[in-house]
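See below for the structure under consideration.
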Amino acid sequence: MDAIDLKILALLQNDATLSIAQIGERVGLSQTPCWKRIQRLEADGVIDRRVAVLDPVKLGLGLTVFVSIETSDHSREWLERFAATVSAMPEVLEFYRMAGDVDYMLRVVVADMQAYDAFYKRLIAVLPLKNVTSRFAMEKVKSTTALPLPTAPFVQPAAAGGK
């Protein structure tokens with residue numbers, strides 16, 4: 001990945017609706033080489049997908065909740081069942097297995113407290129949980145989907161054991 005790839009990624013992170021011609025012009029490439037680079041970045045999995053970012057408040061989803069979960073069961077079977085069930089809940093936008101004092105962290109978006117209570121009741125009915133702690137966001141100070149890209153060319157490390 002070179003500096004031009006990083007410029008393309010920065011542009012796409014900001015506005016994925018830019019045409020190939022617009023991107024090419026901004027990075028100093030004609031359309032065909034620009035398109036080939038974007039295709040390679042997609043094929044390599046660097047570009048995971050292109051989406052529209054929606055405003056949850058304008059869609060009536062004004063409550064964001066960070067849910068910390070502790071469990072007594074750390075078996076693979078439990079995790080697979082829990083992960084499948086929680087991943088299928090549309091209110092859960094992010095789901096992480098954590099290190100530290102909690103086992104899992106969810107970011108949940110719902111309309112209001114009543115909707116969260118309904119979600120919470122479904123969550124605790126899935127499997128036995130040791131502790132569930134909910135933290136309610138009062139204000140969104142920063143939110144971005146743009147990753148901090150390296151400023152210098154990034155070289156993918158060689159696979160372990162490879163030459």
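Among the residues of this structure, Asp5 does not count as one that is surrounded by fewer than 15 Cβ atoms within 10 Å (Cβ to Cβ), at pLDDT 95 or above and either under 18 Å from the mean Cα position of the chain (by Cα) or not small (Gly, Ala, Ser) (or both).
Looking for whichever is hydrophobic (A, V, I, L, M, F, W, C), assigned to a loop (DSSP other than H, G, I, E, B), modelled with pLDDT of 95 or more and farther than 30 Å from Ala3 by Cβ here; the options are Ala99, Ala83, Ala115. Which one fits? Among Ala99, Ala83, Ala115, only Ala99 is hydrophobic (A, V, I, L, M, F, W, C), assigned to a loop (DSSP other than H, G, I, E, B), modelled with pLDDT of 95 or more and farther than 30 Å from Ala3 by Cβ. Can we say Asp103 is under 30 Å from Val132 (Cβ atoms), open to solvent by less than 80 Å² (accessible area, probe 1.4 Å) and touching a Ser or Thr at 6+ places or on another chain (Cβ under 6 Å)? Here the answer is yes, as Asp103 does meet what is asked. Out of the residues in region 145-156 that are at pLDDT 65 or above and open to solvent by less than 80 Å² (accessible area, probe 1.4 Å), which is farthest from Val65 (Cα to Cα)? My answer is Pro150. Scanning region 37-80 for residues that are part of a helix (DSSP H, G or I), under 28 Å from Ile124 (Cα atoms) and either without any contact (Cβ under 8 Å) to a residue 24 or more places away in the chain or touching a helix residue (DSSP H, G or I) at 6+ places or on another chain (Cβ under 6 Å) (or both) turns up Val57, Leu59, Arg76, Glu77, Leu79, Glu80.
The values are calculated or read from the model by the stated rules, or taken from the named source; none is laboratory data. Quantities reported herein were computed from a predicted structural model and do not represent experimental measurements. Here Cβ is always computed from backbone atoms with ideal geometry, including for glycine, and neighbour counts include all displayed protein chains. Note: accessible area is taken over every heavy atom of the protein model, side chains too, but ligands, DNA and RNA are not part of it. Shrake-Rupley method; radii C 1.70, N 1.55, O 1.52, S 1.80 Å.
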